[in-house]
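The next block holds one structure in the form of structure tokens; read it before the comments.
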Ligand SMILES: Cc1cc2nc3c(=O)[nH]c(=O)nc-3n(C[C@H](O)[C@H](O)[C@H](O)COP(=O)(O)OP(=O)(O)OC[C@H]3O[C@@H](n4cnc5c(N)ncnc54)[C@H](O)[C@@H]3O)c2cc1C
């Protein structure tokens, strides 16, 4: 735990693997820049690895004033403990007020370990981050300039705002694609600060024996058109319709969590708060009710078509075109219409 | 020899069955109307532990923190093969965030004593945070291996574990003890064994026994009830059917790290979001209607 420090910087953990930065880190730099400007403080990025100094310039172009760079062979491949040591030592030394991580497999492994060691709060999968104030109802004390950590909550159409006013730094994770990627400005200038970290035997005890990476198969984020299916398809067999429509229209297949949980399709296709956040030119939601966790991942699509036989389904609330009817009938009509166009 | 495994499990509301009946008029979920289930990935965690015990020997202890009714998932663990079950229940633990929860679990694990593995499901479906596992590892001061896919090798108190990192996998070598979080594709959890279910359906926690005694003899004075509870508990213990029940004092938890006081994250506000009903273009569910819509999308260049 560090002292509450309103002058502290806003930090992003810059995730890199094999000398390439994860996109979510750059997306987060953009939002961290805005938060830092609102607070009138500097924005920093923590970059750890071996021979990755070059990546600092991209972080600076995307908004970092400072890059805390830890250059160490032992950090070449990500391992939890040494990376946690890097973050804990730097947080203790520089007392940033906010630290944000991408909610990637790496970020979700690292951030809770760091939060626990710092005895600080951590909110997972935020869909928005803002600066605001909070008044304690009992003590009547008002805390200004807090990080509002906003995420859908379990329980219908509910959005919860989480705050942490006393056990700093304020920490949050954000899924890839939630914050829009700004174009970087290569003329921005920033400072690269080299840091040395002390490791102990425990930090280095876990050994990486073998490593295997595959290129990403599903590119939901880059898709211009997404055809998404939900529990309303009813079966894996019927879900083929979604593949057919996506094939006809030249789109990528998406899914609700219920469809994924039912085994209609793999997790990598899930759209939503705990899946991928997308902003395609066209999103076609077939047999999806439109729970808040699903909408959080697709409502900024330029155009949304909703197909659902329940005219009260919340998905219609975000739709531009609504078709009240049976997906199993409507989707074949759409395929036909596209082929005839 | 053998390996001692502790498995942390959670009872959760079944989020996949939020249907009309479970919704209140204001659009929020009526939790009481939702059935509870065994958190799915915790079943995978249990299976990983049972597989190690079956191959190498040792014992599997399951713990759950929750309201008294959470002992239901403990019984389920006994049906499937767990050796020992402990319920951590205490009103003072209510409203714990993930940090306070991991602290309480760490106290429970330390109270159990020596262990080689702690297994958790990667995440619970009611929050999907995946935070408790890594936080518990840190609180215990042990290494963590998240997203366990399978055990590659285990010898001389050193494990090689293959973990799934989303866009691939890697194998880590780690000296025990270690905390492992398990994903749903790691294994197929074994079902309840009929003979074990027959036996352990009579397993009870002290609280459950008290409830049953009070129900049977509502007029009995307190001392009498207490005596009857003790008697039944002893009888169950003799048969190995008593599930242990611990409160925060039993695990010597520092209350300033538990419950609301121990939770750095606070809920500032919850908003029901009202959908901006700007209205949408309603398309007739006919071939004609659908074709017209597709045409419109081509004209406005949404479709290339
Ligand atoms: C912590 C947490 C995180 C979550 N993250 C996500 C996430 O990232 N993404 C996500 O999608 N969900 C997520 N969820 C789950 C979410 O709350 C919903 O349960 C889920 O989105 C529902 O999926 P669905 O709309 O496919 O299913 P349902 O809600 O069951 O809806 C099915 C819909 O299909 C319609 N339908 C049925 N049959 C037909 C038919 N023949 N023709 C036309 N319509 C039909 C029904 O009217 C209904 O509206 C999360 C939940 C939690 C608690």
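The values are calculated or read from the model by the stated rules, or taken from the named source; none is laboratory data. Just so you know, these numbers come straight off a predicted model, no measurement behind them. Note that each Cβ is placed from the backbone with ideal geometry, even for glycine, and that neighbours are counted across all protein chains shown.
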Those residues of segment A:14-59 which are in a helix (DSSP H, G or I) and closer than 21 Å to residue A:145 by Cβ, in sequence order: A:28, A:29, A:30, A:31, A:32, A:33, A:34, A:35, A:36, A:37, A:38, A:39
Qualifying positions in segment A:277-291 - away from the ligand (no atom under 13 Å from the Cβ) and in a loop (DSSP other than H, G, I, E, B): A:279, A:280, A:281
Any chance you could count how many residues in segment A:216-240 are within 16 Å of the ligand (Cβ to nearest atom) and surrounded by fewer than 22 Cβ atoms within 10 Å (Cβ to Cβ)? 9
Taking the conditions exactly as written (without any contact (Cβ under 8 Å) to a residue 60 or more places away in the chain and touching a helix residue (DSSP H, G or I) at 6+ places or on another chain (Cβ under 9 Å)), does residue A:78 satisfy them or not? no
Of the residues that sit in segment B:1-38 and are modelled with pLDDT under 90, away from chain A (no Cβ under 12 Å) and under 30 Å from residue B:84 (Cβ atoms), which one is farthest from the ligand (Cβ to nearest atom)? B:1
Collect the residues in segment B:277-302 that are within 7 Å of chain A (Cβ to nearest Cβ) and under 45 Å from the mean Cα position of the chain (by Cα), keeping them in residue-number order. B:277, B:280, B:281, B:282, B:283, B:285, B:302
Would you point out the residue of segment B:268-304, among those that are part of a helix (DSSP H, G or I) and in contact with a helix residue (DSSP H, G or I) (Cβ under 6 Å, 6 or more places away or on another chain), that is farthest from residue A:284 (Cα to Cα)? B:287
Of (1) within 19 Å of the chain's Cα centre (by Cα); (2) within 10 Å of chain B (Cβ to nearest Cβ); (3) assigned to a strand (DSSP E or B), residue A:147 satisfies all except one. Which? (2)
Here is a list: A:294, A:243. Which entry is touching a strand residue (DSSP E or B) at 6+ places or on another chain (Cβ under 9 Å), more than 10 Å from chain B (Cβ to nearest Cβ), more than 9 Å from the ligand (Cβ to nearest atom) and not in a loop (DSSP other than H, G, I, E, B)? A:243
Filtering strands (runs of 3 or more DSSP E) wholly in segment B:103-166 for at least 1 residues that are within 16 Å of the ligand (Cβ to nearest atom) gives B:117-121
Within segment A:324-341, the residues that are within 18 Å of residue A:249 (Cβ to Cβ), near the ligand (Cβ under 9 Å from one of its atoms) and within 8 Å of another protein chain (Cβ to nearest Cβ) are A:329, A:330
Going by what's in this entry, would residue A:285 be described as at the interface with another protein chain (Cβ under 10 Å from one of its Cβ atoms) and within 20 Å of residue B:290 (Cα to Cα)? no
Enumeration of residues in segment A:254-271 that are within 11 Å of the ligand (Cβ to nearest atom) and on the phi > 0 side of the Ramachandran plot: none
All conditions in (1) within 13 Å of chain B (Cβ to nearest Cβ); (2) in a loop (DSSP other than H, G, I, E, B); (3) out of contact with any helix residue (DSSP H, G or I) (no Cβ under 6 Å at 6 or more places or on another chain); (4) more than 10 Å from the ligand (Cβ to nearest atom) are true of residue A:274 except (4)
Being more than 14 Å from chain A (Cβ to nearest Cβ), in a helix (DSSP H, G or I) and out of contact with any helix residue (DSSP H, G or I) (no Cβ under 7 Å at 6 or more places or on another chain) is the requirement here; does residue B:220 meet it? no
Failed item, numbered, when residue A:213 is tested on (1) touching a helix residue (DSSP H, G or I) at 6+ places or on another chain (Cβ under 8 Å); (2) within 11 Å of another protein chain (Cβ to nearest Cβ): (1)
Checking residue A:36 against (1) in contact with a helix residue (DSSP H, G or I) (Cβ under 9 Å, 6 or more places away or on another chain); (2) assigned by TED's automatic domain parsing to the domain that holds residue A:62: exactly one of these is not met. Which one? (1)
Looking at segment A:187-207, is at least one residue in a strand (DSSP E or B) and within 11 Å of chain B (Cβ to nearest Cβ)? yes
Among the candidates B:248, B:255, residue that is closer than 25 Å to residue B:82 by Cβ and more than 9 Å from chain A (Cβ to nearest Cβ): B:248
Can you tell me how many residues within segment A:32-51 are closer than 16 Å to residue A:181 by Cβ and out of contact with any strand residue (DSSP E or B) (no Cβ under 6 Å at 6 or more places or on another chain)? 1
Looking at this structure, is residue B:214 over 30 Å from residue B:106 (Cα atoms), modelled with pLDDT of 95 or more, more than 8 Å from chain A (Cβ to nearest Cβ) and in a helix (DSSP H, G or I)? no
Failed condition for residue A:250, given (1) surrounded by fewer than 18 Cβ atoms within 10 Å (Cβ to Cβ); (2) within 13 Å of the ligand (Cβ to nearest atom); (3) on the phi > 0 side of the Ramachandran plot, with all others met? (2)
Being at pLDDT 95 or above, surrounded by fewer than 22 Cβ atoms within 10 Å (Cβ to Cβ), away from the ligand (no atom under 15 Å from the Cβ) and assigned to a helix (DSSP H, G or I) narrows B:100, B:59, B:51 down to just B:51
Could you tell me whether any residue of segment B:203-210 is touching a helix residue (DSSP H, G or I) at 6+ places or on another chain (Cβ under 7 Å), touching a residue at least 24 places away in the same chain (Cβ under 8 Å), assigned to a loop (DSSP other than H, G, I, E, B) and surrounded by 12 or more Cβ atoms within 10 Å (Cβ to Cβ)? yes
Restricting segment A:312-323 to residues that are at the interface with chain B (Cβ under 9 Å from one of its Cβ atoms), over 17 Å from residue A:245 (Cα atoms) and near the ligand (Cβ under 10 Å from one of its atoms), which is surrounded by the most Cβ atoms within 10 Å (Cβ to Cβ)? A:316
Lone unmet requirement of (1) near the ligand (Cβ under 7 Å from one of its atoms); (2) outside any helix (DSSP H, G or I); (3) buried (at least 23 other Cβ atoms within 10 Å of the Cβ) for residue A:304: (1)
Given the residues A:136, A:109, A:166, which is the only one that is touching a helix residue (DSSP H, G or I) at 6+ places or on another chain (Cβ under 9 Å), farther than 20 Å from residue A:65 by Cα and within 11 Å of chain B (Cβ to nearest Cβ)? A:109
